[in-house]
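I have placed the structure first, in the form of structure tokens, so that the comments after it can refer back to it.
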Amino acid sequence: MAEVIMPKLGDAMTEGKVLRWLKQAGEAVRKGEPIAEIETDKVNVEIEAEWDGVLSRILVDAGGVVPVGAPIADLTRPGEAAAAAPAPSRAEAQAARGPAAAPPVQAAREATGAPPASAAPARPAPAAAPGPAGAAGPVRASPLARRLAAEHGLALETIRGSGPDGRVTKDDVEAALAARAAARAPAAAPAAGEPAPARDVPVSRMRATIARRMTESKQQAPHFYVTMAIAMDAALDLRRQLNERLPDAAKITVNDLVVRAAALALRRYPNLNASFAGEVIRYPGAINIGIAVPVAEGLISPVLHDVDRKPLWVIARESRALIERARAGHLRPDDLTGGTFTVSNLGPYAVDMFAAIVNPPQAAILAVGAAKPTPVVRDGTVQVATVMQATLSADHRVTDGAEAAQFLGEIRRLLEAPVWLAADVPEAETAD
């Protein structure tokens with residue numbers, strides 16, 4: 001018998017929510033087959049079976065929130081099918097005993113030693129049509145609903161519960177928040193010249209996570225910034241020539257050139273690929289570059305792995321697929337873990353230059369702007385070149401200004417004489 005656990009999808013993740021089960025108890029599964037969809041602080045991810053077998057028990061129902069590492073299901077592997085039938089799961093036991101039993105979220109927390117959720121009342125409420133939550137007696141609500149309501153200043157007594165015996169659920173609280181936001185929104189656009197009325201909008205889970213992590217980064221990591229101008233004419237000419245012979249799925253973007261150059265530069269300057277860990281500087285042993293991708297509710301940085309060991313056309317193909325999965329909400333667990341450095345590119349938005357905040361626990365992030373025609377002085381004359389501004393934000397606990405300048409200089413050298421960036425690019429018929 002093997003346990004399916006709530007995975008840790010990112011350094012800051014402490015708990016996750018089971019959005020839905022893609023397989024049901026008793027169904028056969030194969031290794032690598034998606035079995036459930038999990039919601040983290042920033043994204044929804046499908047988790048896959050690690051073994052062939054049968055999903056014998058589901059311990060956490062859809063909607064349950066449990067700590068990282070908590071078991072959410074049991075999987076019976078081949079050769080174990082003849083074993084004695086397992087005892088009923090907590091979720092099954094709850095269904096057998098009725099609504100007064102502990103919810104599966106609480107059961108999973110107890111199993112992992114996490115702080116227990118509030119116990120449900122000892123007796124169910126009378127079987128009557130539920131009225132407003134505050135009509136009589138204490139409010140019945142799930143622990144997550146209580147916490148969410150408290151965070152947003154909602155009185156549980158004002159919410160009609162849709163759960164068993166009028167129990168208020170997380171969905172009920174979220175519906176009440178949405179209704180409150182709609183009520184506070186202006187009924188119509190203000191007349192010309194009139195200011196729009198103020199309104200409050202609940203902070204999304206992703207935005208709250210970004211706010212917390214970026215605040216921690218700026219408070220704990222002493223940032224410094226180094227900017228360098230890079231002539232991109234040769235790199236853009238190389239890109240044009242390569243794209244003439246590559247299929248659409250492997251066509252190269254400016255960002256792919258920057259990512260490849262950064263990966264090769266990190267080989268020479270490993271401090272920029274490290275992290276500060278108290279008494280030690282930690283070197284991960286791999287160069288995994290996160291790519292900042294804007295999505296509807298904020299920004300995520302899915303990860304390209306072992307970038308320094310991949311040719312440019314492979315980076316381009318994997319990057320395109322990674323960005324598509326991020327925007328479609330179909331990222332895989334591996335897409336969210338192991339990042340050692342980040343590239344953030346606002347060039348497509350016509351931004352000339354900006355400084356990004358380091359993504360902890362990484363030591364640095366590279367911010368690049370648009371490559372645009374710019375007057376430059378060469379051999380005593382003013383000429384026009386395509387110039388891109390690149391700014392490195394770095395953690396002063398791990399590296400210093402001179403090393404950061406050398407690292408940026410190596411990126412500039414590679415992009416201005418990009419022959420090494422194009423190593424191992426195949427003919428079109430071999431790139432599919």
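A few points about this structure:
- Counted over region 318-432, the DSSP beta bridges are approximately 75% antiparallel.
- Solvent-accessible heavy-atom area per residue, rounded to whole Å², over region 311-365 at 1.4 Å: 43
- Efficiency of FRET between ARG160 and HIS330 - r from beta-carbon atoms, R0 30 angstrom, step 0.05: 0.30
- Relative to one another, the C-alpha centroids of region 279-352 and region 18-81 are positioned 26 Å apart.
- For peptides 377-383, 199-205, sequence by mean Cβ density within 10 Å, most packed first: 199-205, 377-383
- Judged by the mean number of other Cβ atoms found within 10 Å, the most tightly packed of the peptides 44-53, 155-164 leads the ranking 44-53, 155-164.
- Taking a ≥ b ≥ c as the square roots of the eigenvalues of the Cα gyration tensor, an a/c ratio of 1.5 or more together with a/b larger than b/c marks region 227-322 as prolate.
- Distance between the pseudo-spin-label points of ALA196 and ASN44 (7 Å out from Cα toward the beta carbon): 2.7 nm.
- Taking the three principal axes of the alpha carbon atoms in region 176-283, the coordinate ranges are 56, 50, 28 Å, sorted in descending order.
- In terms of its alpha-carbon gyration tensor, region 326-432 comes out oblate; a/c meets the 1.5 threshold, while b/c is at least as large as a/b.
The values are calculated or read from the model by the stated rules, or taken from the named source; none is laboratory data. Since the model is a prediction, treat every value here as computed from it, not as a measurement. Every residue, glycine among them, receives a Cβ derived from its backbone with ideal geometry; neighbour counts consider all protein chains shown. Just the protein is used for accessible areas: all its heavy atoms, side chains included, with ligands, DNA and RNA removed. Shrake-Rupley method; radii C 1.70, N 1.55, O 1.52, S 1.80 Å.
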